[in-house]
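Have a look at the structure below before the remarks.
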2 protein chains.
Amino acid sequence: MDVVRGFNRTVTQRVGALDDKFLARDRPLAQSRLLWEIGPAGAEVAALRNRLDLDAGYLSRLLRTLEAAGLVVVTPAEGDGRVRMARLTEAGRAEWAHLDRRSDELAWSMLAPLSVGQRDRLTTAMNEVQRLLMASMVTVEVCPPTDPRARACLRAYAGELAERFESGFTLDTDDDQQFVPPAGVFLVATLASEAVGCGSVRFEPDGPAEIKRLWVSGSVRGLGVGRRLLTELERHAAAAGADCVRLDSNRALTEAIRLYRSAGYEEIPRYNTSPYPDHWFAKQLHRAPGV
Amino acid sequence: MDVVRGFNRTVTQRVGALDDKFLARDRPLAQSRLLWEIGPAGAEVAALRNRLDLDAGYLSRLLRTLEAAGLVVVTPAEGDGRVRMARLTEAGRAEWAHLDRRSDELAWSMLAPLSVGQRDRLTTAMNEVQRLLMASMVTVEVCPPTDPRARACLRAYAGELAERFESGFTLDTDDDQQFVPPAGVFLVATLASEAVGCGSVRFEPDGPAEIKRLWVSGSVRGLGVGRRLLTELERHAAAAGADCVRLDSNRALTEAIRLYRSAGYEEIPRYNTSPYPDHWFAKQLHRAPGV
DNA sequence: AGGAATAGCTGACTAAAGTCAGACAACATG
DNA sequence: CATGTTGTCTGACTTTAGTCAGCTATTCCT
């Protein structure tokens, strides 16, 4: 714990302070930050509000200021006329490039005083910290399968399976109700308000629960999100009274199968007639209290 | 470089944002920050101004506010009546303890979502990053040997040698002039405006330069500060026209001797009559341009 | 003892950051 | 096509942060 606190202290001092300085440039900080966030690709106003966590009115005013300075144009988005799109002008892009350069200089100022060996060690450790911090930013929560985030996950899930299975894949969007309490549970994993994984479990009265649609986005694979989802699903199953969970999988999904085995699942004979799976697993649950 | 930038981004998002929040507590941030910095041990006003990098007037006003809220008392320091000491009252200590608890919670919130193995890896990597960032925050600069920072280093240096040498040690404060350009150079290593190391070199017309008083504070030992000082001193010697540097040491200073050897110094016969050293080293310099 | 220097304080400001309550247009829905 | 919703904007604020010049009380220096 002291390590974490020491880290926080040093890092906010070193990175935080300099990070503000790199944006400072006669313009107030909030404006620079906004300009930086819009980026060369542009961004929707709502996305900016979300990412920078700003009051709608305040953001609007900031955009007006940048617009008056000729750095930004705000136009209605195509499709929905209420949504507005902020884009950098030529001058804005130049300004952004300048900030980008300063950001690079900042990064270099952290490496420059070190020896070559130290630089290597630092970047390696930074990489590790960054990945693990991302992992710890992922939250897992119950969510109705009709929620837009859940839909996005299922779309990605189906798309991926369709690509990886020789036979293709079509998700039967049949009965979402089976994943709504009390019949079952649908979980979504979120990173910075973006859905990066999902999983669901369907309870069977007096029978084994079944886990389905476990999926993790490629952007966070290897961070233990799959395992967290799986553990949570088992907890829900146990809380609903199940003493066994089972699931099916396909030989193309090697990482998933590895996860199941290492989580204590054992292969069992076919228990359903679905055309896609060729492996079936089950795991005994230890009845645990609480949800 | 991209690693560093990615790290900065994630870390300011995760640590920076939360770190501000942990101080937020109906009171404005600057006040909380100040209270936090004063700490249960109290602090001199000048030290606070230095650490938080605040305007003198602004800081004074903040202290008045905290005083009015009954959290802090400011009293003249004993010894020097101009210097003032800020201390927490009972209520202030309670408030500080609360912040301390929140800081712990914050730290925990970073570890909690991770598996045990991940936690280990994260703390290890954080430790590494923190140490190396501290190393990269150290600056080395030329400084007159009469400067208070130089004096502080020399005092620490002499104290340490006195403790480690069987025979004791007395620094001959004789001729500081030999370390003032053009006769020589005195370097000080600074971390967060605190002197953490020093070293000096004396040029000899048409002869080998001599490095003396190389010292690194225990708080930053192992971060490569000694090597940086040594390299800088050699650069100055080369720039002043020397093609060889020498120095003496004592067998009690094992780390220093290890440093000299690994930096390319070779043992030579006694070249002076000082009573303290029992090892003498020299290194050939490659004439390099620039200071 | 008589300046010069040091450490901190006060008053009078300015600018940046942020909040809140409406207003308004575009869209969604029955 | 009337009604509610969503996304953004504007005006009218308040609070926080920070700056600057001049002032006072100690202490240092000679």
If we hang a label 7 Å off Cα along the beta carbon direction at B:R258, how far is it from the matching labels on the other copies, in nm, shortest first? 3.9
Per residue of B:243-253, how many C-beta atoms from partner chains lie within 10 Å of its own C-beta, taken as a mean? 0
Measuring from label point to label point, each 7 Å out along Cα→Cβ, what is the A:V73 to A:A47 span in nm? 1.9 nm
Considering the dipole of segment A:2-113 built from charges on the beta carbon (Lys and Arg +1, Asp and Glu -1) around the Cα centre, which of A:V74, A:L29, A:L48 is farthest to its positive end? A:L29
For chain A, longest principal axis from Cα atoms; helix A:225-239 axis from its Cα atoms; angle between them, nearest 10 degrees, is 50 degrees
Taking N as the number of residues in segment A:127-180, what value does Rg over Cα atoms divided by 2.2 N^0.38 Å take? 1.51
Sorted peptide list for B:39-47, B:77-85, A:189-197, criterion being average Cβ within 10 angstrom, highest first: A:189-197, B:39-47, B:77-85
Average partner coverage of A:13-23, which counts Cβ from other chains inside 10 Å: 4
Defining the label point at 7 Å along Cα→Cβ, can you sort the distances from B:S219 to the same site in each other copy, shortest first, in nm? 4.1
Can you list the aspartates and glutamates whose alpha carbon sits under 14 Å from that of B:K212, skipping same-chain ones fewer than 8 residues off? B:D172, B:D174, B:D175, B:D176, B:E204, B:E232, B:E234, B:D248
On C-alpha positions alone, give me the angle between the axis of helix A:90-111 and the longest principal axis of chain A, in degrees, nearest 10. 80 degrees
All-pairs Cα distance distribution in segment B:64-122, expressed in whole percent, bin size 10 Å: 21, 27, 22, 16, 13, 2
Report, in debye and to the nearest 20, how large the dipole of segment A:163-291 comes out about its Cα centre when Lys and Arg carry +1 and Asp and Glu carry -1 on their Cβ. 500 debye
How many angstrom separate the Cα center of segment B:12-82 from the Cα center of segment A:1-30? 18 Å
10 Å Cβ neighbours from other chains, averaged over peptide B:110-120: 4
Average projection area in nm² (convex hull over Cα atoms of segment A:72-204, one quarter of hull surface): 14.5 nm²
Please compute, for the alpha-carbon atoms of segment A:213-291, the extent along each of the three principal axes and give them in descending order in Å. 35, 32, 19
Reciprocal of mean inverse Cα separation for segment B:139-284 (Kirkwood radius, Å): 15.3 Å
Using only the alpha-carbon atoms of chain B, report the extent along each of the three principal axes, biggest first, to the nearest angstrom. 68, 53, 40
If you check each cysteine of chain B for another cysteine whose beta-carbon is under 4.7 Å away, which ones come up empty? B:C143, B:C244
When the label point is put 7 Å from the Cα of B:D176 along its Cα-to-beta-carbon vector, which residues of segment B:132-149 have a backbone N closer than 15 Å? B:143-149
Using a 1.4 angstrom probe on heavy atoms only, work out the carbon and sulfur share of the accessible area of segment A:97-197 in %. 53 percent
Return one quarter of the surface area of the convex hull spanned by the alpha-carbon atoms of segment B:2-113, equal to its mean projected area, in nm². 8.7 nm²
FRET efficiency for A:T139 and B:S262 from the Cβ-Cβ distance with R0 = 41 Å, rounded to 0.05, comes out at 0.25
Among the lysines, select those whose C-alpha is under 23 Å from the C-alpha of A:K21, and discard any that sit fewer than 8 residues away in the same chain. B:K21
Using only C-alpha atoms and all pairs of different ones, pull out the Kirkwood radius for segment B:137-224 in Å with one decimal. 13.5 Å
Whole-angstrom Cα spans of the protein assembly as shown along principal axes, big to small: 94, 56, 55
For segment A:15-67, state what percent of all Cα-Cα pairs lands in each successive 10 Å bin, counting from 0 Å until the bin that includes the largest distance. 23, 56, 21
Would you mind giving the average projected area, over all directions, of the Cα convex hull of segment B:96-148 in nm² with one decimal? 6.3 nm²
Let me check I've understood the local charge: for B:C153, count other residues with C-beta under 10 angstrom from its C-beta, Lys and Arg +1, Asp and Glu -1. What total comes out? +3
Chains A and B: how much accessible area gets covered up at their contact, both sides added, probe 1.4 Å, in Å² to the nearest hundred? 4600 Å²
Can you tell me which of A:95-107, A:132-144 comes out highest on packing, and rank the rest after it, using the mean Cβ neighbours within 10 Å? A:132-144, A:95-107
Sorted from shortest, what are the nm distances separating the label point of B:T170 from equivalent points in the other copies, each placed 7 Å from Cα along Cα to C-beta? 9.9
So what's the angle, to the nearest 10 degrees on a 0 to 90 scale, between helix B:116-137 and the longest Cα principal axis of chain B? 60 degrees
About its Cα centre, chain A carries a charge dipole, from +1 on Lys and Arg Cβ atoms and -1 on Asp and Glu Cβ atoms, whose size in debye to the nearest 20 is 920 debye
How big is the charge dipole of the protein assembly as shown about its Cα centre, in debye rounded to the nearest 20, if each Lys and Arg gets +1 on its Cβ and each Asp and Glu gets -1 on its Cβ? 340 debye
Return one whole number: the accessible area per residue of segment A:132-179 in Å², for a 1.4 Å probe. 52 Å²
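The values are calculated or read from the model by the stated rules, or taken from the named source; none is laboratory data. Everything numeric in this text was worked out from a predicted model, so none of it was measured. Please note: Cβ atoms are built from the backbone with ideal geometry, for glycine as well, and neighbour counts cover all protein chains shown. All accessible areas refer to the heavy atoms of the entire protein, side chains included, with ligands and DNA or RNA removed. Shrake-Rupley method; radii C 1.70, N 1.55, O 1.52, S 1.80 Å.
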